[in-house]
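Engineer: I have a structure here, written as structure tokens, and I will follow up with some questions on it.
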Amino acid sequence: MPDCPICGKPLEPPTVKCANCGAELHRACAKRTMGKVYCKKCFREGKKQTRYERMAQRDAWGGNKPGEMW
């Protein structure tokens, strides 16, 4: 039986598959968000990508924090 890529222990049911890379891992080792399950590596990369997308949007809108309104 293969080992969990996160903790290194043998996989035993119940297991889940990462929605991005398809790696099998323990339910306790998985990260869950928006109804999907991810391994730690894919979760971290997705979080980083989201942060970069937000930075690009902020730059497109003007780049700075909004100033005082009055």
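Only the coordinates and a few stated rules stand behind these numbers; no lab work does. Every value quoted in this text rests on a predicted model; they were computed, and no experiment measured them. Using ideal geometry, Cβ is built from the backbone for each residue, glycine included, and neighbour counts are taken over all protein chains shown.
Engineer: Summing +1 for each Lys or Arg and -1 for each Asp or Glu, what net charge is found among the other residues whose Cβ lies under 13 Å from the Cβ of THR50?
Structural biologist: Values: positive: ARG44, LYS47, LYS48, ARG51, ARG54, ARG58; negative: GLU45, GLU53.
Its environment carries a net charge of +4.
Engineer: Which value at 222 nm does the chain reach when only helices count, each DSSP H run of 4 or more adding -39,500 (n - 2.57), with the total divided by all residues and rounded to the nearest 500 deg cm²/dmol? Could you put the intermediate results ahead of the total?
Structural biologist: Details: 1 runs with 22 residues, N = 70.
After summing the helix terms and dividing by the residues of the chain, the value is -11000 deg cm²/dmol.
Engineer: Quick check: pseudo-label points 7 Å beyond the Cα along Cα→Cβ at GLU53 and LYS41, how many nm apart are they?
Structural biologist: Between GLU53 and LYS41, the label points sit 2.2 nm apart.
Engineer: Give the residue from LEU25, CYS42, MET55 lying farthest towards the positive end of the charge dipole for region 15-60; charges sit on Cβ (+1 for Lys and Arg, -1 for Asp and Glu) and the dipole is referred to the Cα centre.
Structural biologist: The one lying farthest along the dipole's positive direction is LEU25.
Engineer: Normalised radius of gyration for region 15-60, please: alpha carbon Rg relative to 2.2 N^0.38 Å, two decimal places. Before the final figure, lay out each step's value.
Structural biologist: Numbers: Rg = 12.6 Å, N = 46, 2.2 N^0.38 = 9.4 Å.
That works out to 1.34 for region 15-60.
Engineer: How big is the dipole moment of the chain about its Cα centre under a simple scheme where the beta carbon of each Lys and Arg is +1, that of each Asp and Glu is -1, and everything else is neutral? Debye, nearest 20, please. Don't jump to the answer; show the numbers that get you there.
Structural biologist: On the way: 15 positive and 7 negative charges, 23 e Å.
Result for the chain is approximately 100 debye, rounded to the nearest 20.
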